[in-house]
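The values are calculated or read from the model by the stated rules, or taken from the named source; none is laboratory data. What you see is a predicted model, and the numbers here were worked out from it, not measured in a lab. So basically every Cβ, Gly included, is an ideal-geometry build from the backbone, and we count neighbours across all protein chains shown.
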Amino acid sequence: MKTINRMMTNICSDKLKESKEFYTKLFDFDVDYDSDWFVHLISKDRQLELGIIQRTNDIVPQRAQTHPEGFYITFVVAAADEVFEMARSEQFEIISEPEDTFYGQRRLLLRDPNGVIVDVSSPIPNFEF
């Protein structure tokens, strides 16, 4: 069995600054590295990482330089409604407002500045199937 030492998602972006603001305002990310071609975000507990890389940078594979499709990012938080209120006050794009799901999550959908769909969910207390 091969041990995984680290996993990080990288979002290809034409809007590094806007993307950095989106993720640091809504979630508990700190900026660990910031340049004109790459931003590295890390959660305050240093367990989660997110990279934002200039879409046309030479190290980005050609096939990854197109607009995102076929995936979305999910963040599980304590209170999805709080993230919704922050997103609304920052005028970030809201795809769907928070609603309870059949599988026990309160969920909303946002779109980041790059077009990536961001699913924000929180467990519904005392939910039973």
Residue that is surrounded by the fewest Cβ atoms within 10 Å (Cβ to Cβ), among those in the stretch 84-96 that are free of Cβ contacts under 8 Å to residues at least 40 places away in the same chain, over 20 Å from residue 71 (Cα atoms) and not hydrophobic (A, V, I, L, M, F, W, C): 91
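For every residue, the table says whether it meets (1) under 13 Å from residue 19 (Cα atoms); (2) in contact with a helix residue (DSSP H, G or I) (Cβ under 9 Å, 6 or more places away or on another chain); (3) not hydroxyl-bearing (Ser, Thr, Tyr).
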residue	(1), (2), (3)
44	no, no, yes
75	no, yes, yes
82	no, no, yes
85	no, no, yes
92	yes, yes, yes
124	no, no, yes
Residue, surrounded by the most Cβ atoms within 10 Å (Cβ to Cβ), within the stretch 108-124, restricted to residues that are within 14 Å of the chain's Cα centre (by Cα) and without any contact (Cβ under 8 Å) to a residue 40 or more places away in the chain: 108
Of all residues in the stretch 49-72 being modelled with pLDDT of 95 or more and of a type in the set (A, V, I, L, M, F, W, C), the one that is nearest to residue 113 (Cα to Cα): 52
Every residue from the stretch 1-40 that is of a type in the set (Lys, Arg) and touching a residue at least 12 places away in the same chain (Cβ under 8 Å): 6, 15, 20, 25
The stretch 59-70: number of residues that are within 15 Å of the chain's Cα centre (by Cα) and in contact (Cβ under 8 Å) with a residue 40 or more places away in the chain: 1
One residue from 71, 38, 29 being surrounded by fewer than 16 Cβ atoms within 10 Å (Cβ to Cβ) and hydrophobic (A, V, I, L, M, F, W, C): 71
Residues being under 15 Å from residue 73 (Cα atoms) and not hydroxyl-bearing (Ser, Thr, Tyr) - total across the stretch 1-19: 5
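Output the strands (runs of 3 or more DSSP E) that fall wholly within the stretch 74-125 and possess 3 or more residues being aliphatic (A, V, I, L, M), or say none.
So the answer is 105-111, 117-123.
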